[in-house]
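First comes the structure, then the notes that go with it.
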Amino acid sequence: MFSKIVVATDFSEASDSVIGCLHGLRPLGVQEVILMHALGLRHLEELKYLLAPQAERKLQDQKAVLVDQGFQVTVRIEPGLPSAEINRVARETEASMIVVGSHGATLSREVLLGSVATEVLHRSRHPVLVARLKIHDTVDDRTRCEMVCTDFHRHVLFATDFSDTAERAFGYVEKIVESGGRRVTLLHVQDRSHIEHHLLDRLDEFNRIDEERLARMRARLQELGADDVRIELPYGHPVDEIVERAAGEDATLIVMGSQGRGVLAAMVLGGVSLRVTRLTSVPVLVVPPIRSSQRP
């Protein structure tokens with residue numbers, strides 16, 4: 001499923017934390033890591049010859065950590081802006097997934113890897129795993145990044161709006177179960193903002209239809225070997241419900257689809273997925289729609 005992944009690094013403490021926890025992806029079949037750093041040069045191409053040797057030394061240090069975790073590792077240094085280079089490398093290498101770190105801090109405390117995550121999500125044609133980091137203040141007013149390592153497949157929370165992209169994301173949930181995942185929560189939020197004023201009298205009807213949809217998903221996952229699949233159908237605001245339930249039920253991975261890009265990302269689940277990645281403390285796997293150029 002995820003045999004080859006692209007991992008972006010900016011050599012910060014945040015990226016060190018992400019790299020130190022990637023062994024949790026091995027149960028999902030990850031074998032090969034393309035560890036890359038983008039120099040961020042818009043012009044002055046000659047600068048890459050000065051900056052690349054410094055980056056190479058740091059990449060080798062991080063590569064050693066990944067090799068110790070059992071991965072086959074290739075390092076790449078690219079000259080351009082991180083979000084564009086990350087997506088280009090993923091396309092060229094036919095990677096299965098992109099991994100970036102994000103801590104959701106305010107702009108005054110933003111590190112490169114955190115700010116890049118949103119741009120990668122907007123541009124990517126590949127599933128993107130946003131690894132969540134915690135920021136701690138120290139006594140000397142410095143900040144420290146920390147990521148709690150986990151087996152990502154231990155408890156998957158799948159948030160769906162029943163769109164085509166959500167259906168594609170469910171395919172990844174199926175693969176996670178086939179790889180050994182046994183606990184899954186299937187979540188659909190009846191969106192209060194869409195229902196409350198004009199459709200409240202149809203809420204019972206919506207619940208019946210959507211519960212049947214979720215029940216079919218549960219049956220499929222049980223066929224694949226999951227032994228603890230739960231259905232949740234709350235009425236509320238999607239972002240709040242997803243974030244609260246992921247935290248309260250000890251989820252180790254949120255899987256959801258992303259709709260659109262740029263301005264369109266504010267629509268339907270696309271806007272929800274972006275806000276969830278900013279607010280949750282749980283890693284999020286965001287699956288994009290199939291672009292027209294990707295269709296057979």
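The values are calculated or read from the model by the stated rules, or taken from the named source; none is laboratory data. Please read all numbers here as calculations on a predicted model, not as lab measurements. For neighbour counting, all protein chains shown are included, and Cβ atoms are generated from backbone atoms with ideal geometry for every residue, glycine included.
Tell me, yes or no, whether segment 191-199 has at least one residue that is modelled with pLDDT under 95 and in contact with a strand residue (DSSP E or B) (Cβ under 6 Å, 6 or more places away or on another chain). Checked segment 191-199: at least one residue is modelled with pLDDT under 95 and in contact with a strand residue (DSSP E or B) (Cβ under 6 Å, 6 or more places away or on another chain).
For segment 251-275, the candidate set comprises residues that are among the β-branched types (Val, Ile, Thr) and in contact with a Pro (Cβ under 8 Å, 6 or more places away or on another chain); within that set, the residue that is modelled with the lowest pLDDT is Val272. For His153, indicate whether it is of a type outside the set (Val, Ile, Thr), over 23 Å from the mean Cα position of the chain (by Cα) and closer than 24 Å to Arg275 by Cα. So His153 fails the test. One residue is enough: does segment 102-109 have a residue meeting the conditions modelled with pLDDT of 95 or more, closer than 20 Å to Leu25 by Cα and either surrounded by fewer than 21 Cβ atoms within 10 Å (Cβ to Cβ) or under 19 Å from the mean Cα position of the chain (by Cα) (or both)? No, that holds for no residue.
State all residues of segment 190-204 that are in contact (Cβ under 8 Å) with a residue 12 or more places away in the chain, exposed (fewer than 13 other Cβ atoms within 10 Å of the Cβ) and not in a helix (DSSP H, G or I); if no residue qualifies, say none. Outline the logic, then answer.
Restricting attention to segment 190-204, the residues satisfying the condition of being in contact (Cβ under 8 Å) with a residue 12 or more places away in the chain are 190-193, 195, 203.
Then keep just the ones that are exposed (fewer than 13 other Cβ atoms within 10 Å of the Cβ); that gives 193.
Those that are in contact (Cβ under 8 Å) with a residue 12 or more places away in the chain, exposed (fewer than 13 other Cβ atoms within 10 Å of the Cβ) and not in a helix (DSSP H, G or I): none in segment 190-204.
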